[in-house]
Structure formats: structure tokens, C-alpha cells
């Protein structure tokens, strides 16, 4: 639930019901961050299209890399909803709760390669100080092996999670451990 009215699945009709059904078919269940859009199904559909495009369809970044970005941005923004959801997804790849907890505390203390550290430092700067990003930051990503399409997608994933964090935080989107787990990754 959130601080605004939401239409539950059993009450959904027409376009909203179709979108809910599509989300459940693709993701295994319906998340609260999607239900918060229920008063405007067109935005829910656009939101899901963007999410699928940057998190599942593009392969210039791995799903693991996308989830690391999601968790870091959400941690920096203090968005417990997205931290909880995406740490579940990241742990589907790592299967190491201790590593995950260390990552959330400070990604620099986890054994990941320099390429990932450079990516995450860019994401941190983009989230915390976006106006300070310069061409040198892009050059650093290239120097560690990211091609321009991957750099675009690093920026898109980080920007997407800044957007979603603000939806969740701004509308009081709640979660439970049950709601945050069991999705298709």
C-alpha cells in the first residue's frame, strides 16, 4: 500500500486488469511499486516498458551489474523499498548474504573487480552529485573497458532507479518481505 488510493488486482478492470495480468505473467507477481500507478494505467505500462528495456532486453550490462546499480542508487537515496526488492534480485546471482550486506554498507569493501568499482563510483557520483559529472568520468569508464552502449546503459539504469526511488519515497510505497521476494529474475 501507499499514501494514495490504489486499485487492487481483484478490483481491476479493462486496461488495468490486462496490465496487471501481463506483469504477473512476466514477473511472477505484482509489486506494490506497480500498484501505486493503478490510477493511471498508461504510466504503469510505460514504466514497465522502460524497466524491461533497461533491465532485461539490453545485454551490454549483465543483470548482476544492473542489480548492483539498483541497490547502490537505492541505498544512496535511502529507499528501503527498492533496496529490499533489488537486494533479493542481486542475491539471486551472488547467493551470499554476507557479501550482499557488505555491499550495501560500502561497495568498496566487496571483492569485485576494478571495472565494477569504477562503474559504481560513476553511479554514486551521478546519484549524489549529478551536475559534477564530466567527460573525464566517461573516459574513466572507457579506460576500464566499457563501450559507449554500456556507458549509456549504466547511466539509464542509475537514472531509472533515481526515478523509481522518488516514486516509492514520495508516495510512501510499502513492502513486506513476502511482497519483496519471489519474482522472476
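The set of residues in the range 99-110 being assigned to a loop (DSSP other than H, G, I, E, B) and either buried (at least 16 other Cβ atoms within 10 Å of the Cβ) or at pLDDT below 95 (or both) consists of 110 alone.
Has the range 73-82 got at least one residue that is in a loop (DSSP other than H, G, I, E, B), buried (at least 17 other Cβ atoms within 10 Å of the Cβ) and touching a residue at least 12 places away in the same chain (Cβ under 8 Å)? Yes, there is a match, as at least one residue in the range 73-82 is in a loop (DSSP other than H, G, I, E, B), buried (at least 17 other Cβ atoms within 10 Å of the Cβ) and touching a residue at least 12 places away in the same chain (Cβ under 8 Å). Scanning the range 29-57 for residues that are loosely packed, with under 13 Cβ neighbours inside 10 Å and closer than 23 Å to residue 83 by Cα yields a total of 3.
If I filter the range 19-37 for residues that are over 14 Å from the mean Cα position of the chain (by Cα), assigned to a helix (DSSP H, G or I), over 28 Å from residue 149 (Cβ atoms) and assigned by TED's automatic domain parsing to the domain that holds residue 153, do I get at least one hit? No: the range 19-37 contains no residue that is over 14 Å from the mean Cα position of the chain (by Cα), assigned to a helix (DSSP H, G or I), over 28 Å from residue 149 (Cβ atoms) and assigned by TED's automatic domain parsing to the domain that holds residue 153. Consider only pairs whose beta carbons are under 7 Å apart and that are at least six residues apart or on different chains; among these, list those whose first residue lies in the range 15-31 and is farther than 17 Å from residue 55 by Cβ and whose second residue is in a helix (DSSP H, G or I). Correct list of pairs: 15/41; 16/41; 19/41; 19/44; 19/45; 20/9. For the range 117-151, which positions are over 26 Å from residue 105 (Cβ atoms) and free of Cβ contacts under 8 Å to residues at least 60 places away in the same chain? Listed by number, the residues that qualify are 131, 134, 135, 136, 138, 139, 142, 143, 145, 148, 151. Among the conditions (1) in contact (Cβ under 8 Å) with a residue 24 or more places away in the chain; (2) under 17 Å from residue 79 (Cα atoms); (3) exposed (fewer than 13 other Cβ atoms within 10 Å of the Cβ), the only one that residue 170 does not satisfy is (1). Against the conditions (1) at pLDDT 95 or above; (2) more than 29 Å from residue 4 (Cα to Cα); (3) in a loop (DSSP other than H, G, I, E, B), residue 59 satisfies every one except (1).
The values are calculated or read from the model by the stated rules, or taken from the named source; none is laboratory data. Keep in mind the model is a prediction, meaning the values are calculated, not measured. Methodologically, a virtual Cβ is constructed for each residue, glycine included, from the backbone with ideal geometry; neighbour enumeration extends over all protein chains shown.
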